[in-house]
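S.K.: Sharing a structure with you now.
The values are calculated or read from the model by the stated rules, or taken from the named source; none is laboratory data. What you are looking at is a predicted structure, and each value in this text was computed from that prediction instead of being measured. For neighbour counting, all protein chains shown are included, and Cβ atoms are generated from backbone atoms with ideal geometry for every residue, glycine included.
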Ligand code: DAK
């Protein structure tokens, strides 16, 4: 049985981690299947936006599969579970639809997504410290960039969890919705992005992600580069024409 369900609905790719009996823990198999899905999404011109979620009602993902831990240096790709499935290395946008537990590698994975929305039952944490470990798939680096430093330090050093409302308050997620509206909200956001010029969306994501790490002047230079690329696309003129003609644009990703 597949441990990741990979479905396509029009321009939207839906990836669902499917090990609900293990709270969607990220086994090597999950990482492998997620990676395959992400590569297909990246390379398939028909797909414009991805949604990532977890099967069942209890978890987005409770993190790396602790039952698979072995002593000594780890085998496999550098960066482990979280880093082989980096949504932030792909310029098409990812939306994480989070419910239940979003812990350890699960939170690290969610933090590689661009938009995070949460169900009201979501709980977030980096509990690695509780099991003699530290976050190893970007958690010590991304969390302090995403939420205030003191909040990140408390989450990372105590291993305590925060709930959906607190995650919203500190800016870890952009919306909290009732559990039964999680997927429809994610689809709505994905559909909205699909009405925008896809090459513009990708250029925008790339400028945002790469620019965040740069000094302002270099970030602005990167932005100018992306603007120039975008102005050379057919969709750029289609957007302007549609505005003048007072009709919805018909973007072709060209
Ligand atoms: N791994 C494997 N199985 C898990 C799991 C996990 N992370 N989390 C839960 N499960 C399994 C449980 O073992 C249980 O299975 P059975 O015993 O029924 O076979 C089933 O899911 C249901 O869980 P519980 O019975 O424990 O359910 P509760 O409601 O009592 O508790 C809980 C829910 C989320 C509080 C609890 O399951 C829990 O504390 N889970 C562990 C959460 C955790 O510590 N996550 C962090 C994992 S460490 C690296 C990069 C990244 C990482 C590591 C290395 N490198 C680059 C080196 C990432 C590390 C992590 O994520």
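S.K.: Criterion first (buried (at least 17 other Cβ atoms within 10 Å of the Cβ), assigned to a helix (DSSP H, G or I) and modelled with pLDDT of 95 or more) does residue 172 satisfy it?
M.R.: The answer is no for residue 172.
S.K.: State all residues of the stretch 75-132 that are part of a helix (DSSP H, G or I), within 10 Å of the ligand (Cβ to nearest atom), surrounded by fewer than 24 Cβ atoms within 10 Å (Cβ to Cβ) and at pLDDT below 95; if no residue qualifies, say none.
M.R.: If the condition is that a residue be part of a helix (DSSP H, G or I), within 10 Å of the ligand (Cβ to nearest atom), surrounded by fewer than 24 Cβ atoms within 10 Å (Cβ to Cβ) and at pLDDT below 95, then 80, 83, 84, 131 are the ones that fit.
Residue by residue, here is whether (1) crowded, with 22+ Cβ neighbours inside 10 Å; (2) near the ligand (Cβ under 10 Å from one of its atoms) holds:
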residue	(1), (2)
28	no, no
36	no, no
40	no, no
44	no, no
52	yes, no
57	no, no
64	yes, yes
67	no, yes
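S.K.: Among the residues of the stretch 133-144, how many are outside any helix (DSSP H, G or I) and away from the ligand (no atom under 12 Å from the Cβ)?
M.R.: 0
Every residue, every condition in (1) within 19 Å of residue 189 (Cβ to Cβ); (2) assigned to a strand (DSSP E or B); (3) out of contact with any strand residue (DSSP E or B) (no Cβ under 6 Å at 6 or more places or on another chain), yes or no:
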position	(1), (2), (3)
14	yes, yes, no
21	no, no, yes
37	no, no, no
40	no, no, yes
45	no, no, yes
56	no, no, yes
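S.K.: Specify which of the listed residues (189, 193, 155) is more than 29 Å from residue 10 (Cβ to Cβ), assigned to a helix (DSSP H, G or I) and either within 16 Å of the ligand (Cβ to nearest atom) or touching a strand residue (DSSP E or B) at 6+ places or on another chain (Cβ under 9 Å) (or both).
M.R.: 155
S.K.: Which residue pairs have Cβ atoms closer than 6 Å, lie 6 or more positions apart in sequence or on different chains, and pair a first residue in the stretch 135-164 that is within 15 Å of residue 123 (Cβ to Cβ) with a second residue that is assigned to a helix (DSSP H, G or I) and within 12 Å of the ligand (Cβ to nearest atom)?
M.R.: Final answer for the pair search is 159/127; 159/129; 159/130.
S.K.: While we're on this one: Quick check on my filter: what residues within the stretch 176-207 are under 30 Å from residue 236 (Cα atoms) and free of Cβ contacts under 8 Å to residues at least 60 places away in the same chain?
M.R.: Passing the criteria: 184, 188, 192, 195, 196, 197, 199, 200, 204, 207.
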